[in-house]
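The values are calculated or read from the model by the stated rules, or taken from the named source; none is laboratory data. Note that the structure is predicted; figures quoted are calculated from it, not measured. Here Cβ is always computed from backbone atoms with ideal geometry, including for glycine, and neighbour counts include all displayed protein chains.
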């Protein structure tokens, strides 16, 4: 079954869960008990949730307790699930058979699960977001930081290219200039003898008539009558 | 004596030897295509990608095209043609041209030079920001996609959590912005490095004037079009693209009654075509005199406007996609809340029947619904939330939603960089060419040194934009240096050419260059319509500016964006005063 991914945290009031004849039920608590509510986002499951999956969950919690306390006393039968809903959310309690069927304090269970969160997640092919233990805030995993930030590498590459380009252009410009100077020194004499087209203005060669001299401090007068109109 | 300064076209024609032979050391374009491409690259800049779509969006979508086209036809194209023609005819940069027309108008040339310098300062800083984003785009995941964790790793950094990850990356990681313009802070070293790289790249491309920019422009002018096409195809295939396009292009004719629309259309055309910078005059001065500048002007102006339209299609489709995704997220969150509260089976409420369910539940269990504090989701609201923060905030947010986001981010920022770089060429040319003519340096100093000095001085001056308050300064510069002076300069350009140089002489020059007399449209526009339009726009602009206190938007680390009012800061525009003084001096 597929559907929109639920990303909403479901918080509910914590009615106590009491052990009653070895089963958990919704009764007002006589013992202060921390109950962990588990919410599995149903549609993140790539499998159907049935009794065998519940069994696996109990096994994982028992495993977590064993790892945490380093005692191999917790059995699968010690983990009780109740108040199942279709969205796959339920409450569970861990009992301690050694201590006369009382519940293990919630803080211990919390710590145990926090320690083995990865294993529990991967057993169900879920992530921290999709398998939520309410009351256990996960420490967010830090992002993987490479030893050298990526942007420094890219910046180094760009910098090297730019410096290389500048050096190349400057050196080639200098070389070009040297070549031009050498050539003009060789052909300087020849050029004077060649006929260059001489532009004239009013019969006076432009080399003599310096057009630019007339630009400075010219009195503005639109005097077109000196030239033949078209 | 005007005629002594300019060889009369009849006289030169009779000799049939263009004056260019005397000045054969003036560089020229390798071919016509290079020249056209340079002008197109100069005109097409960052504004085409983000300012035009923004204006289209706030001014009633398709209806904005009407004042835009009118402004293009009566203001943009005539002024563009005028600048190209005058540069090509007089074959000098902006200072030389205006000194030639009249010594009293020399200030216009110097004004152009100053504006080009100031604009290139802050324009390259924007490119430095683009460069910073570019070199950060190679990470997986993108650094602006998620908030970083706080010190003890129990949650996200508060500033980031309160706003969005994208905002946080922009304001904190890129700019490290301070809370107001008076709090300057230090130079941000990463921005200084990026700015240095950008100026180095500009130096490489403009090292020998148009010889080098002419080669670089092939890449920087054509590449953005390639990328825009890629984004167009990608954008149109995204979900929600059609909603975005429909929303942004739907004309709302009522908006035309608002005079601000007409003013903004006129100013947008004006700034978009990069008029009055002196760069166009410089570019066309390297042409051969017998070049059809009329056809060039019309072609380039139309290409510029077409590019704006073409760019707005992928922009709107991607904005539509982003709005739709945000809307779906909002809906999904509400659906979860309701499903959890009422313990309904999971697929009972979907996006399409959400409103029915919501209405039903609201009437039957109003208290429960109220306790959930559901946010009302409105697609319109998501579509409205875009604007001038388009490139660095809105688009980056959209990119992280697309699969393969690194590639799209790299492509996008390289496109922005080349768009800006080709405009920078025009700006630098607008500085370099007049300076070469002013003979501020002796002939023996190579051009490479002069362009190096320009880039170095600009880099050092632009370091003020890498301070913590740098982006506020940039906004001030953009609002006040890149707007009013251009209007003034353009007005004096038109009146100078038409009434001082003489419209008859100018028409004859154009006829000599293009082979046909400018027709009725050009005559009427140059003589009457354009100056009048410029004057109206200028007066309206000044009136509107003086009505409000100068202000800028500030980022408040207490997560509330509030405007801080500048009082008596830049109350008069520096460049305007400068050019007035120069004109009075002459």
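The table that follows gives values for the structure above.
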item: Test: residue in region B:424-433 that is more than 18 Å from residue B:127 (Cβ to Cβ) and within 14 Å of chain A (Cβ to nearest Cβ); result: no
item: Check on residue B:57, closer than 30 Å to residue B:211 by Cα, outside any loop (DSSP other than H, G, I, E, B) and either at pLDDT 90 or above or more than 14 Å from every other protein chain (Cβ to nearest Cβ) (or both); result: no
item: Residue in region B:434-450 that is closer than 19 Å to residue B:26 by Cα, crowded, with 24+ Cβ neighbours inside 10 Å and more than 18 Å from the chain's Cα centre (by Cα) present; result: yes
item: Set B:319, B:383, B:361: member being surrounded by 22 or more Cβ atoms within 10 Å (Cβ to Cβ), touching a helix residue (DSSP H, G or I) at 6+ places or on another chain (Cβ under 7 Å), at pLDDT 80 or above and at negative phi; result: B:319
item: Single match in B:327, B:310 (criterion: surrounded by fewer than 21 Cβ atoms within 10 Å (Cβ to Cβ), within 27 Å of the chain's Cα centre (by Cα) and either within 14 Å of another protein chain (Cβ to nearest Cβ) or assigned to a helix (DSSP H, G or I) (or both)); result: B:310
item: Residue in region B:194-210 that is within 14 Å of another protein chain (Cβ to nearest Cβ) and over 30 Å from residue B:34 (Cβ atoms) present; result: no
item: Residue that is in contact with a helix residue (DSSP H, G or I) (Cβ under 9 Å, 6 or more places away or on another chain), at pLDDT below 85, surrounded by 20 or more Cβ atoms within 10 Å (Cβ to Cβ) and not in a helix (DSSP H, G or I), where the choices are B:335, B:349; result: B:349
item: Candidates A:88, A:150 - the one that is within 14 Å of chain B (Cβ to nearest Cβ), closer than 30 Å to residue B:192 by Cβ and either buried (at least 17 other Cβ atoms within 10 Å of the Cβ) or at pLDDT 70 or above (or both); result: A:150
item: Close pairs (7 angstrom Cβ cut-off, 6 or more residues apart or separate chains): closer than 17 Å to residue B:167 by Cβ and more than 8 Å from chain A (Cβ to nearest Cβ) in region B:137-149, modelled with pLDDT under 80 and in a loop (DSSP other than H, G, I, E, B) anywhere; result: B:147/B:157
item: Residue in region B:268-280 that is under 19 Å from residue B:100 (Cβ atoms), part of a helix (DSSP H, G or I) and modelled with pLDDT of 85 or more present; result: yes
item: Helices (runs of 4 or more DSSP H) contained entirely in region B:112-220, each with at least 3 residues that are crowded, with 17+ Cβ neighbours inside 10 Å; result: B:165-168, B:189-206
